[in-house]
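These notes are about the structure you will find just below.
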Amino acid sequence: MERAGITALRNQGELAFSAAGTMGERWGEFCKWAKEYGITKMEQITREDLLQFGQVLAERVEDETMSASTAQNYVSAVNRVMNLARRDKKVWASPTKDCHIPKRSGIATQSRALSEAEHRAAIQRVTPLLASQMDLQRVFGLRFKESCLLDARRVAVQAKREGFILISDGTKGGKDRFVPITSPQQIEALERAAELQPGRSMVPSHLTYIAYARACYRQISNFHSERHSYAQSRYLVLAGAPCPVVAGVRHGAAHLKFLVGHLNATISEARAIDEAARKQVAIELGHERIEITNAYLG
């Protein structure tokens, strides 16, 4: 598949040799990812696969393990190869609008969170099992993989006993983190998930994680927006005011001025409140640097 794509770029792409080589390398990154999901031929690739790949890249940009421009270029390379191979745009996605890869600045200017109404509409279109996972993603800020590998029965007991849950499976870099119980909705989501849990995790026992992930992305392609919802709602609780993308103001001085008025605080107090809220949100999302929150909060 990788060789076929490179051949198409060189023979049909009307690109200079060096440009075709660069785009071929980017296409190769998609091919490596696709191989893990059992995709070995171009005719097997669907738009849902491309969207899943794009969301993986979006998470890497937010985790600061890949630049926004690199991620966008990877998706664009797949778009170009598939257009040449298929002669249509049925397997095509916008890196920013469809895959939700952040803008090059790394600071969000628009909210990517799902509203409550959008969330309710989305979970009506998927299986009850996946719907329960999306609820978990929303109320605990879980990544898609974390929601799949979660032992809901175990953490439901932990949540009631200790007031927090430990997220350890499927985390980036294998880093454990604790997420506090701050609302009844979290307990309710865990109880529903525990009732539906088909095995040791939310992944059906007869499927591998990879097979299950592909099946989930066939139903719906945008999971990461639930994590954005969590980040924004937690900032509101912690700071007592909405974050920049929710307030509709620019990151930095404009938002600090907004906080001063909203909280009746001094500029130094507003800055301290913002920093403390961002630091806690970053910790609960499994990040070490508060700058990461720029991609979620603005």
Within region 102-127, the residues that are free of Cβ contacts under 8 Å to residues at least 60 places away in the same chain and farther than 27 Å from HIS255 by Cα are ARG120, ALA121, ILE123, GLN124
Considering residues that are assigned to a helix (DSSP H, G or I), of a type outside the set (A, V, I, L, M, F, W, C) and more than 21 Å from the chain's Cα centre (by Cα), the number found within region 36-61 is 2
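With ARG250, ARG214 as the choices, which residue is in a helix (DSSP H, G or I), of a type in the set (D, E, K, R), in contact (Cβ under 8 Å) with a residue 12 or more places away in the chain and not assigned by TED's automatic domain parsing to the domain that holds GLU62?
ARG214
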task: Answer with yes or no whether GLU36 is in contact with a Lys or Arg (Cβ under 8 Å, 6 or more places away or on another chain) and closer than 22 Å to THR208 by Cβ.
output: no
PHE140: within 22 Å of MET66 (Cβ to Cβ), at pLDDT 95 or above and among the hydrophobic types (A, V, I, L, M, F, W, C), yes or no? no
Over region 45-85, the set of residues crowded, with 24+ Cβ neighbours inside 10 Å and acidic (Asp, Glu) is GLU62
Does at least one position in region 254-271 carry a residue that is under 30 Å from GLY174 (Cβ atoms), small (Gly, Ala, Ser) and under 28 Å from the mean Cα position of the chain (by Cα)?
-> no
Of (1) surrounded by fewer than 14 Cβ atoms within 10 Å (Cβ to Cβ); (2) within 30 Å of ALA194 (Cα to Cα), TYR37 satisfies every one except (1)
All-but-one check, GLN72 against (1) closer than 24 Å to HIS251 by Cα; (2) modelled with pLDDT under 95; (3) polar (S, T, N, Q), failing number (2)
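Please indicate, with yes or no, whether at least one residue in region 258-277 is under 27 Å from GLU118 (Cα atoms) and out of contact with any Leu (no Cβ under 9 Å at 6 or more places or on another chain).
Our first condition is that a residue be under 27 Å from GLU118 (Cα atoms); within region 258-277, this holds for 277.
Checking which are out of contact with any Leu (no Cβ under 9 Å at 6 or more places or on another chain) leaves us with none.
Looking through region 258-277, none of the residues is under 27 Å from GLU118 (Cα atoms) and out of contact with any Leu (no Cβ under 9 Å at 6 or more places or on another chain).
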Among residues of region 128-168 being of a type in the set (A, V, I, L, M, F, W, C) and without any contact (Cβ under 8 Å) to a residue 40 or more places away in the chain, the residue surrounded by the most Cβ atoms within 10 Å (Cβ to Cβ) is ILE165
Looking across region 7-17 at residues that are surrounded by fewer than 20 Cβ atoms within 10 Å (Cβ to Cβ) and in a helix (DSSP H, G or I), the single one that is modelled with the lowest pLDDT is PHE17
Q. Does SER201 satisfy the condition of being in a loop (DSSP other than H, G, I, E, B), among the hydroxyl-bearing types (Ser, Thr, Tyr) and over 21 Å from TYR230 (Cβ atoms)?
A. no
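The values are calculated or read from the model by the stated rules, or taken from the named source; none is laboratory data. Predicted, not measured: the structure shown is a model, and the values here were computed from it. Ideal geometry is used to build each Cβ from the backbone, glycine not excepted, and the neighbour counts take in all protein chains shown.
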